[in-house]
Each structure stands twice: as C-alpha cells, then as structure tokens.
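Colleague: Right, I'll just put the structure down here and ask away after.
The values are calculated or read from the model by the stated rules, or taken from the named source; none is laboratory data. Quantities reported herein were computed from a predicted structural model and do not represent experimental measurements. Neighbour counts are summed over all protein chains in view; Cβ atoms, including those assigned to glycine, are modelled from backbone coordinates with ideal geometry. Heavy atoms of the whole protein, side chains included, go into the accessibility calculation; ligands, DNA and RNA do not. Shrake-Rupley method; radii C 1.70, N 1.55, O 1.52, S 1.80 Å.
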Amino acid sequence: MMNQTTGVKLSPDLTGANVEDAGEHNRAVVLRCIHRQAPISRAEIARQTGFTKPAIARIVDRLLDEGLIIEARRRHGLRGQPAIELEINPDAFFAIGINIDRDHLTILAVDAVGNVRARVHHEKRYILPGEFMQLTADAISHFQRSRLIDDAHLAGIGLAMPDWLGEIAFLGKPDDYGEWMDFDVRTALENLTQHPVFIENETNAAALAELDYGLGAESRSFFYISLNACPGGGLVLDGAGHRGAMGLSGEIGWLPIADPRHRGGQKVELLGEIFSLFFLYKFLGEHGIEAYVPSDLLTLDARGRKLVSQWLKTMSAHLAVAVKHIGMIVDPDAIILGGRLPIRMIDELLRYVHDHLDMEDTALPSIHRASLGEDACAIGAAAMPMAAALMLASADEVQRTRSPLKFMDRLNN
C-alpha cells in the first residue's frame, strides 16, 4: 500500500484512515508504530502511517494524556527545532508471564516495554498441578506485596506451557505426570486472579516475545525453534503468530528424520525423539557424566565439553534438514534458534548447522540465535496480555479462551 501524498510504502499494520469513525483503529496504529520503532518523532510517525500531521497531533496528545506514551528526549543535530521523540511509557501497563515445562517453572513481572521487573524461578523437574498453583500464587503475592508491579495497571496474566503436558510420552516421564491431563489450568488461574488470563503454547509464546521485543524489529515472518526439555516450534507470519487450523503449526518435534547409521535411510526417527535437552543429558550420562540442569553444562571439564560438541555436531545434521524443509514449505525471512541450551552452545550448534547448508542458496532462510535468552517463553507469556492492552498486531483474542491442547481433542474434531 502506498501513501499517495508522499509515495512511501506503508506497512499493512501501520496504515490508518483519516476519518472520524476510525479513531480507535488509528490510535492502535500509532501505538504500534511507537512500540516497534521508538524512539520516534511525530513527523516520522506520520511518514510511517500516512496520517496527516494534525491527525498525529490529536492522537499523540490523547496517548500522552492517558499515560500510554512519554516524551523521552529531544533529538539534536538536525535543522530547525529539535524533534521530540516518543516512547511507550514503561509504567503504562504490567503483565505477569508464567512458563511451566517438564524441568522448570519461571514467573516474571514485566513492564510495557518488555523489561523484567521481577523473576521467580524454580529449577525443578515434573512439577505437578497442585504445586504449580501454590508456587504461582506465592510469586504473584510476592510481586504485589513488594510493589514490583502496579496491580491497578496489570494487563493480565499469561501462561506459556507445552500442549499435551501430561499426555505425550517423553524421556523420563513419571507415572503421576498424567495429572496434568485432567487439570483445568485456565479455570484454576482465573480463580486466582481478577485479571484476564491468556494461554498459549510455550514456543508460540517465545516466538511472540521475539516478535514484540526481539528480532521482530527486523523480521516480520520467521520460524522459531526451541531447544528445551522437549523441542518445539513457533511460526510468525506477517507480524502475527500463526497456529494453524488445528493448532498444530510449528510442531517440529514430529518432523521425520532419516537415521544416517542405516543404509538408504530406511530407519526414520522423529526429531522430538532425539533432539532435546533431556536427550543431551542422557547422552552425557551414557558416558559417565552427570548433567541435570542447563547450568551443569557450563561447568563440564574438557572431556564433557568435547562430548557436548560431538552431540551438537550429530544434531546439526538433523537441524539442517529441518531448516531446508521449513525454507521450502514456509519460506520465512529467518529461522531463529532459542531455548534453554546455554548461549555459547547454541552458537556452536549454529556453526555446525551452517556447515551442512549451502549458504549460496538464496532460497534458504537465514538462521540466527534468538535475541532473548532462557526466559523467552515466560517473556512471551507476559507479551500476550501486553499486546492486548497496547493493541499490538500480535494480539490474539483466542488466547483469552484457549487451553492447552490434548491429542484426543483434535482426533475427535
């Protein structure tokens, strides 16, 4: 879409209309523009959105009066009067982001620009529903008592968790973990708070965190691969999360991989059955090295580090196949690798992946380490209520009613 006055090509989600009945839409467009490109001047907002300067003045004044944005600084060095730059007010809203997985629970208090104001983390495997609710209630109470967040400006509570948490088999799954299958986590959280509750698959949430607070400033369509207790994938298309018709988009753990140890590749394994932190710990254990949590990987001796490199090299061949398939089918701008694997090991893995790819192939998407670290899923959980409060393009009303999927749910629909 082109601005006919200036000839500037406009981003679809930053395009408004200069008519009275489009007020709320135009307000959202300006907020999105400031959120994505701050610090930004009024004149730059006008160029980005195609609004007239008087329209920008009215909308910006309203947002300033509401406390949603602030005048951050004056930009010097240009001709004429220095331009006043605008930013989202960090204290405009707060959100609580919760990430529960097979090996940990992380609860964050996050402000409107994605800064983590407080963090409660439990590095513990196989937390069951009752303990999850108690630890979550304790963390929220701590945030409120310590005034780390303003409850009056709390946009909501977001939960990022794996689908089928108690249903799908995984390495080391305890017998009682099936309690998650019968636990209504949405109702439990809604009984805990008066604020809205948002729920999303954990890797989809991590992808949304990258979109709103990370590499999304440079790429609006990408595939996110997470290396956690179990692997996951999340897809962002044109600045919005895409979960697919049945909620299965990005389920990279089901990707079939030919076993190179068998001639002709006749034996096929699922990526999720060989590629995860749990399988890395298992590999090390088979060689007499105990590793139980990600931080253990940072204290290995020379032999342990060599074994990790060996495992990463093996996995890189499988990941390169996934990159090629994703590139051909989805054609994203980029593929992002994140998760709880330590950063330097993610970088090492990516070096090995590049060895399997023809970087001269222009059809291949670029592949990068995620800009957010091990808390990406929890930040993404907080990003859901924040996106709704700030009317960002990533906001998704389905997250207000969605509960973690169960395998049989989709077989019966």
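Colleague: Seen from all sides and averaged, what is the projected area of the convex hull of the Cα atoms in the stretch 87-204, in nm²? Walk me through the numbers on the way to the answer.
Modeller: Details: hull surface 29.9 nm².
Result: 7.5 nm².
Colleague: When a/c reaches 1.5 or more, the comparison of a/b and b/c decides; with that in mind, is the stretch 327-371 rounded, prolate or oblate per its Cα gyration tensor?
Modeller: oblate
Colleague: A further question follows. With N set to the number of residues, divide the alpha-carbon radius of gyration of the stretch 228-374 by 2.2 N^0.38 Å and report two decimals.
Modeller: 1.07
Colleague: Taking every pair of Cα atoms in the stretch 88-138, average 1/r, invert it to obtain the Kirkwood radius, and report Rg/Rh to two decimals.
Modeller: Radius of gyration relative to Kirkwood radius: 1.07.
Colleague: Still on this structure, I have one more. How much length is gained if the chain between residue 238 and residue 91 is pulled fully straight, taking 0.36 nm per residue apart and subtracting their Cα-Cα distance, in nm to one decimal?
Modeller: So the chain would gain 50.1 nm between residue 238 and residue 91.
Colleague: Right, here's the next one. Taking θ = phi - 60°, what integer Hz values does the Karplus form 6.51 cos²θ - 1.76 cosθ + 1.60 yield along the stretch 135-150, in sequence order, with x for Gly and Pro?
Modeller: Here the 3J(HN,Hα) series is 5, 5, 4, 4, 5, 5, 4, 4, 4, 6, 5, 7, 6, 6, 9, 9 Hz.
Colleague: Taking R0 as 22 Å, what FRET efficiency do you get between residue 52 and residue 25 from their Cβ-Cβ distance, rounded to the nearest 0.05?
Modeller: E between residue 52 and residue 25, to the nearest 0.05, is 0.90.
Colleague: Can you give the accessible area of residue 193, probe radius 1.4 Å, in Å² rounded to 10?
Modeller: 30
Colleague: If you take the Cα Rg of the stretch 26-77 and divide it by 2.2 N^0.38 Å, with N the number of residues, what do you get?
Modeller: 1.04
Colleague: Right, something else. What nm distance separates the two modelled labels at residue 123 and residue 254, each placed 7 Å from Cα along Cα→Cβ?
Modeller: 3.4
Colleague: So for the stretch 174-308, what percent of the C-alpha to C-alpha distances run longer than 23 Å?
Modeller: Numbers: 5055 of 9045 pairs.
That fraction is 56 percent.
Colleague: Any chance you could look up the accessible area of residue 324 with a 1.4 Å probe, heavy atoms only, rounded to 10 Å²?
Modeller: We get 90 Å² for residue 324.
Colleague: Skipping prolines and chain starts, which residues have an amide H placed within reach, meaning under 5 Å, of the one on residue 89, given they are 5 or more residues away or on another chain?
Modeller: Amide H to amide H, under 5 Å and 5 or more residues apart or across chains, residue 89 pairs with 69, 70.
Colleague: In a Gaussian network model over the chain where Cα atoms closer than 10 Å are linked, find which of 383, 207, 57 has the largest mean-square fluctuation.
Modeller: In the Gaussian network model the winner is 57.
Colleague: Okay, moving on. Determine one quarter of the surface area of the Cα convex hull of the stretch 149-206, which equals its mean projected area, and express it in nm² to one decimal.
Modeller: On the way: hull surface 20.8 nm².
Computing the convex hull of the Cα atoms and averaging its projections yields 5.2 nm².
Colleague: Report Rg (one decimal) and Dmax (nearest whole number) for the stretch 274-336, counting Cα atoms only, units Å.
Modeller: According to the Cα coordinates of the stretch 274-336, Rg and Dmax are 14.4, 42 Å.
Colleague: Oh, and also: Sketch the reach of a paramagnetic label on residue 401 as a point 7 Å from Cα along Cα-to-Cβ, and name the residues of the stretch 223-242 whose backbone nitrogen lies under 19 Å away.
Modeller: Within reach of a label on residue 401, which here means backbone N under 19 Å from a point 7 Å along Cα→Cβ, the stretch 223-242 contributes 241-242.
Colleague: So for the stretch 207-331, averaging the separation of alpha carbon pairs under 8 Å that are six or more residues apart and normalising by length, what relative contact order in percent results?
Modeller: RCO, the stretch 207-331: 17 percent.
Colleague: Based solely on its DSSP helices, what 222 nm [θ] is calculated for the chain when runs of n ≥ 4 H residues each add -39,500 (n - 2.57) and the sum is averaged over all residues, nearest 500 deg cm²/dmol?
Modeller: Helices in the chain give a 222 nm mean residue ellipticity of -11000 deg cm²/dmol.
Colleague: Still on this structure: Which three lengths, in whole Å and largest first, does the chain cover when its Cα atoms are put on their principal axes?
Modeller: 68, 54, 48
Colleague: With every protein chain left in place, what is the accessible area per residue of the chain in square angstrom, probe 1.4 Å? Intermediate results must be reported in sequence, preceding the final value.
Modeller: Numbers: 19060 Å² over 413 residues.
For the chain, the solvent-accessible area averages 46 Å² per residue.
Colleague: For the stretch 154-166, take each phi angle, set θ = phi - 60°, evaluate the Karplus expression 6.51 cos²θ - 1.76 cosθ + 1.60, and give the result in whole Hz per residue in order, putting x for glycine and proline.
Modeller: 7, 6, x, 10, x, 10, 10, 8, x, 5, 6, 4, x
Colleague: Checking the table 124/267; 173/306; 124/406; 124/324; 282/313; 124/313 against a 26 Å threshold on Cα-Cα, which pairs fail?
Modeller: Violating the 26 Å Cα-Cα cut-off are 124/267; 173/306; 124/324; 124/313.
Colleague: Using protein chains only and a probe of 1.4 angstrom, how many square angstrom of residue 123 are accessible, to the nearest 10?
Modeller: Taking all protein chains as shown, residue 123 has close to 80 Å².
Colleague: May I ask you to work out the translational diffusion coefficient for the stretch 109-151 at 20 °C, viscosity 1.002 mPa s, via Stokes-Einstein with Rh from the Kirkwood sum over Cα pairs, reported in whole µm²/s?
Modeller: Reported coefficient: 186 µm²/s.
Colleague: Here is a further query. On a full-extension model of 0.36 nm per residue, what is the gain between residue 147 and residue 171, subtracting their alpha-carbon distance, rounded to one decimal in nm? Intermediate results must be reported in sequence, preceding the final value.
Modeller: Values: separation 24, 0.36 × 24 = 8.64 nm, distance 4.03 nm.
Here the answer is 4.6 nm.
Colleague: Provide the FRET efficiency to the nearest 0.05 for the residue 310-residue 218 pair, computing r from the beta carbons and using R0 = 45 Å.
Modeller: It comes out at approximately 0.85.
Colleague: May I pose another question? Which FRET efficiency, nearest 0.05, do residue 181 and residue 301 yield, Cβ-Cβ r, R0 60 Å?
Modeller: 0.90
Colleague: Name the residues whose placed amide hydrogens come within less than 5 Å of the amide hydrogen of residue 405, ignoring near sequence neighbours (fewer than 5 apart) on the same chain.
Modeller: 164
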